[in-house]
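Down below is the structure, laid out as structure tokens.
The values are calculated or read from the model by the stated rules, or taken from the named source; none is laboratory data. This is a predicted model, so every value here is computed, not measured. With ideal geometry, Cβ positions are generated from the backbone for all residues, glycine too; neighbour counts draw on all protein chains shown.
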Amino acid sequence: DPARAPAGMFISADQPTRSVRAARRGERTWLVAVGGAFKPGQPDAARRNFDELVRDLRRDHGVGEIGYAWTNEDFESMDGLPFVGRASSSSPHLYVATGFNAWGITNGTAAGMILADLIVGRANPWAEVFDATRIKPAAGARTFLSENLGVGAKLVEGYVKGRERSLEALPPGSAAVLKLGGKRTAAFRDEQGQVHAVSAVCTHLNCILGWNPVDRTWDCPCHGSRFAPDGSVLHGPATKPLERREPS
Ligand code: FES
């Protein structure tokens, strides 16, 4: 309902996070909405986030047809602040700016100012707080441990679960990690019935991938690599494609 389109860009202060803005193109008014978070490789959470977001948009803004839907990854540091500055003390001319946690417009601008000052040798009052080489075990250790226990659990779960379902049981438009011929295989059957089968083991550090039903990608729960159904790399840190498997 265009009459209920927001007049500006808004983000909720409470949970679940919701951000909305209107975009007008010709006669049409679109609502661009962001909300929900999930860790890579959690297909149920990805789907649930979308269902809840759409439900809220229909209720609060009278949204009709959903034109486009996609997921995105954001890098977040353990203490919540970006890393900006020299990458290491031994590489004085190598700079880094990362960990913006979805606040790229503001954090990216601040990063640009810090880096410009560092390069020309000017003092910058924020540089120390954002220091890319800072080590803050006290601030980050608890989160780091719990996050990585989660990653470890995913890694182990992926290996021990070993669902022995067959390819035949895979309906069109769906995907599963199957054990085929003793090997973990990531299989996706498209709407035409063709099966796309690749290794389910991430080429970065061997975690087992999970299906992302929103973007139709294989996502890694450990460090966020993403692969297309044909195994090609969409997003690092992995650089090598997944090995193809014969779907038989
Ligand atoms: Fe997959 Fe690191 S093991 S991204």
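Quick one: would you say F38 is modelled with pLDDT of 85 or more and surrounded by 15 or more Cβ atoms within 10 Å (Cβ to Cβ)? Don't jump to the end; show me each part of the working.
Details: modelled with pLDDT of 85 or more: no; surrounded by 15 or more Cβ atoms within 10 Å (Cβ to Cβ): yes.
Considered against the rule, which asks whether it is modelled with pLDDT of 85 or more and surrounded by 15 or more Cβ atoms within 10 Å (Cβ to Cβ), F38 comes out as no.
If the condition is being of a type in the set (S, T, N, Q) and either within 16 Å of the ligand (Cβ to nearest atom) or surrounded by 17 or more Cβ atoms within 10 Å (Cβ to Cβ) (or both), then the stretch 177-211 contributes T185, S199, T203, N206.
Determine the pairs where a residue that is on the phi > 0 side of the Ramachandran plot, located within the stretch 199-227, has a partner that is surrounded by fewer than 20 Cβ atoms within 10 Å (Cβ to Cβ) with Cβ atoms under 6 Å apart, the partner being 6 or more residues away or on another chain. If the second residue must be surrounded by fewer than 20 Cβ atoms within 10 Å (Cβ to Cβ), the pairs left are G224/E73. Scanning the stretch 236-248 for residues that are near the ligand (Cβ under 9 Å from one of its atoms) and exposed (fewer than 15 other Cβ atoms within 10 Å of the Cβ) gives G236, P237. If you check V233 against the conditions, is it at pLDDT 85 or above and within 16 Å of the ligand (Cβ to nearest atom)? Criteria met by V233. Between S166, S174, S225, S146, the distinction of being away from the ligand (no atom under 15 Å from the Cβ), modelled with pLDDT of 80 or more and not aliphatic (A, V, I, L, M) belongs to S174 only.
Filtering the stretch 228-241 to residues that are within 15 Å of F75 (Cβ to Cβ) and in contact (Cβ under 8 Å) with a residue 40 or more places away in the chain leaves only H235. Residue count for the stretch 212-234 satisfying the condition of being in contact with a Gly (Cβ under 8 Å, 6 or more places away or on another chain) and of a type in the set (F, W, Y): 1.
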